[in-house]
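The values are calculated or read from the model by the stated rules, or taken from the named source; none is laboratory data. These numbers come from a predicted model, not from an experiment. Here the Cβ positions follow ideal geometry from the backbone for every residue, glycine too, while neighbour counts run over all protein chains shown.
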Amino acid sequence: MSGPFHSLREIHPRRFGEPFLLLVASVLLAFGLYVPLLKIEKMVFWENEYSVATGVFGLWDDGQWILAAIVFFWSVAFPIAKLALLFWIWFGKMDPDQRERTLRRLEVLGKWSMLDVYIVAVLIVAAKLGPVADVTPEYGIYVFGSAVVLSMLVTAHIQRLARAGGEPPPQELAESE
C-alpha cells in the first residue's frame, strides 16, 4: 500500500550528514575523474600522467572502443548515476513503495560499485608489467578511491534510514498538504 509522498529530508529533517557526504563524494568524484591517477615514465625520455578521463579518451583514440566504453560506463557514468540517484532518494518526494523499489535497484547496482576501483588497479598492474616503464600512483587514485568508498558508505546509511521508515514531523505534514 502506498503512503503519502515525502522526501527522506522531510522524514529526517535534522540529518545534515547525509546530504553533506553526498556532496563531498560528488566533489571527490569530479576531481578524481580528472586529476592524475598514474605517472608513467619510459626509458627516461618519455613521461605521461593519466587520469580516468585521459585513459578513456586514450583508449578511444587507440581504437579500443569496447574497452573505452567499459571503463567509461563503470568508472564515469555509473558513479555519477549512483550519486544522482542517492540525491533523488534523499531530496525527492516519493511514496515508501517507490523509495523501496529504487533502493532495491540501487542495491543490485551497488554490488558492482567497486568495479571502477578494480579497473584502476588492473591498469596499474598492467602498466607495471612493462620492463621499460616505471609506473607511480598519483594522488588522483586516492581521491577517486575515496569518492567510491564514501559513496558506498553513504548509500548504506541512506538505505538504513529509508528502511527504518518514519514520518515527517507534524509541522511539515501541515505545510506539505
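Considering only the range 89-105, I want to know if a residue exists there that is in contact with a strand residue (DSSP E or B) (Cβ under 8 Å, 6 or more places away or on another chain), surrounded by 13 or more Cβ atoms within 10 Å (Cβ to Cβ) and within 18 Å of Ala156 (Cβ to Cβ). Yes, because at least one residue in the range 89-105 is in contact with a strand residue (DSSP E or B) (Cβ under 8 Å, 6 or more places away or on another chain), surrounded by 13 or more Cβ atoms within 10 Å (Cβ to Cβ) and within 18 Å of Ala156 (Cβ to Cβ). Out of all the residues in the range 45-73, which are closer than 24 Å to Ser151 by Cα and out of contact with any Phe, Trp or Tyr (no Cβ under 7 Å at 6 or more places or on another chain)? Hits for the range 45-73 are Tyr50, Thr54, Gly55, Ala69, Ile70, Val71, Phe72, Phe73.
Identify the residue in the range 1-45 that is of a type in the set (Phe, Trp, Tyr) and at pLDDT below 90 and, among all such residues, is farthest from Ala156 (Cα to Cα).
Out of the qualifying residues, it is Phe45.
For the range 59-79, the set of residues classified as farther than 21 Å from Leu29 by Cβ and small (Gly, Ala, Ser) consists of Gly63 only. Listed by first and then second residue, the pairs linking a residue in the range 56-77 that is under 20 Å from Val35 (Cα atoms) and surrounded by 14 or more Cβ atoms within 10 Å (Cβ to Cβ) to a residue that is at pLDDT below 85 and among the charged types (D, E, K, R), with Cβ atoms under 8 Å apart and 6 or more places separating them unless they lie on different chains, are Trp74/Asp116; Ser75/Asp116.
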